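Worksheet: one structure, shown below.
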Amino acid sequence: MGFNELPFKPTEKVSLAIEKIRNNAGYYGDPMCLELRKAIEKAYGINRDHIICGNGSEELLDVIARNFVNSEDEVLISQFGYIQFVLAANRLNASLRKSSEVKYHTCADNLLKLINSKTKLIFVANPNNPTGTFIPINEIKRLLTNIPSNVVLVMDLAYGEFVGFDYCNQVHDLVEQFSNLVVTRTFSKAFGLAGLRVGWCHAPKNMISGFYAARGMGSVNAMAQSAATVALSELDEIQSRIDLIISERERVAAALLDLNIETLPSYANFLLATISGQDKELIEKLVQFLFDEAGIIVNRTREKGLERFMRFSLSLPEHNDLMIKTCKRFMNFNSIMIK
Ligand SMILES: Cc1ncc(COP(=O)(O)O)c(C=O)c1O
């Protein structure tokens, strides 16, 4: 439960698409991912010439950073922003600035305060990992309206489908209105294809050729392209999987609260949890206990300000039950008052 993946097997149709490519593994995938881009256009109404696919959205975050940032520049992120944003800036030897959050939420005003002449790129994950919190569409608009047009805002919607497909569409609509907005998406989370490595990016058309220049030729393999293309034709099934994860998220959060384990309000497929009123040593013990007693691996968030937390993905109900049961044993074992 440590990597924010989905626990489901690929659908029958996706499995068949993968199988078909297996028998043609001697051939390269299409470097331009044309069929996949057509499928994205059809599913979401986004012009395929404004889209580039990548080896997971992680590759695209790097590609974007390399297009706009050099070692003299600054990259701006939110206090608990996704770790890959930090790494993308580090790889370019660029300076990184972090704006403080308000109750673990990205704060548009605090981001705006830190913009200066060296700022070239702002990365915001929405919902964010590891906090799971998100900012509404009007906050994104406000951010875009107030940042200089030479500063690019990357809106990372890796978990956007858990807020809703409509919400994602509204963010994509803003790309038509603002020439400095880039949106990244992935098939790793809601679509459950993390192991195949496929993500995509929607940007103003004039940016796309620069992104191709900075991306590997064959970075999206044939199997990934085919599986993702078919997955887009099964949005009803994807939605029902999302619905199950969301209802499990609410159920697990409530069960843990009864055990005095609080979680942040999450809009993603994971929860960030802390033991009420306890310091980081106890969460450290809980993380070890979950592994030793139940083989459950969670993510121990050690970054400054999140030391008292652990992050875990929601899984199938039986796995989540085991998580709750093991937490309960731990709390009893440590004689911590349970409500
Ligand atoms: C916020 C966020 N963005 C992007 C990614 C990268 O996902 P992928 O490279 O699998 O598309 C992740 C993965 O955990 C993530 O949490």
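In a DSSP loop and with at most 15 other Cβ atoms within 10 Å, the trypsin sites (Lys or Arg not before Pro) in the range 102-135 are LYS103, LYS118.
Dividing the Cα radius of gyration of the range 12-233 by its Kirkwood radius returns 0.97 for Rg/Rh.
Sort the range 122-212 into rounded, prolate or oblate with this rule: let a ≥ b ≥ c be the square roots of the eigenvalues of the Cα gyration tensor; rounded if a/c is under 1.5, and if a/c is not under 1.5, prolate when a/b is larger than b/c, oblate otherwise. Walk me through the intermediate numbers first.
Values: a/c = 1.92, a/b = 1.25, b/c = 1.54.
Note, shape of the range 122-212 comes out oblate.
How high is the relative contact order of the range 51-185, in percent, with contacts defined as C-alpha pairs under 8 Å that are six or more residues apart? Intermediate results must be reported in sequence, preceding the final value.
Values: 231 pairs, mean separation 30.0, N = 135.
Computed value for the range 51-185: 22 percent relative contact order.
Sparsely packed loop sites in the range 298-327 (the GluC sites (Glu not before Pro) outside DSSP H, G, I, E and B with at most 13 other Cβ atoms within 10 Å) comprise GLU303.
Divide by every residue of the chain the summed helix terms, -39500 (n - 2.57) for each DSSP H run of at least 4, and state the resulting mean residue ellipticity at 222 nm, rounded to the nearest 500 deg cm²/dmol. Each step should come with its number before you reach the end.
On the way: 13 runs with 153 residues, N = 339.
Taking each H run of at least 4 residues, the total per residue is -14000 deg cm²/dmol.
Over the chain, with a Gaussian network built from C-alpha contacts below 10 Å, which listed residue (GLY218, GLY277, GLY210) shows the highest mean-square fluctuation? Between GLY218, GLY277, GLY210, it is GLY277 that shows the largest mean-square fluctuation. Taking only pairs that are 8 or more places apart or on different chains, how many Lys pairs in the range 27-167 have Cα atoms under 17 angstrom apart? For the range 27-167, qualifying lysine pairs total 4. The eigenvalues of the Cα gyration tensor, multiplied by 5 and square-rooted, give the range 69-145 an equivalent ellipsoid with semi-axes of 20, 14, 9 Å from largest to smallest.
Qualifying GluC sites (Glu not before Pro) in the range 1-99, where qualification requires a DSSP coil assignment and no more than 16 other C-beta atoms within 10 Å, comprise GLU72. Remark on the chain: CYS107, CYS168, CYS201, CYS327 stand apart, with no other cysteine beta carbon under 4.7 Å. Summarising the overall dimensions of the range 1-58 from its C-alpha atoms, the Rg and Dmax are 14.1, 37 angstrom. Distances over 18 Å make up what percent of all Cα-Cα pairs in the range 236-333? Counting every Cα pair in the range 236-333, those more than 18 Å apart make up 42 percent.
Rule-based calculations on the coordinates, nothing more; no lab input. Treat the numbers as computed from the prediction; the structure is a model and nothing was measured. As a convention, Cβ positions derive from the backbone with ideal geometry for all residues, glycine included, and neighbour counts pool all protein chains shown.
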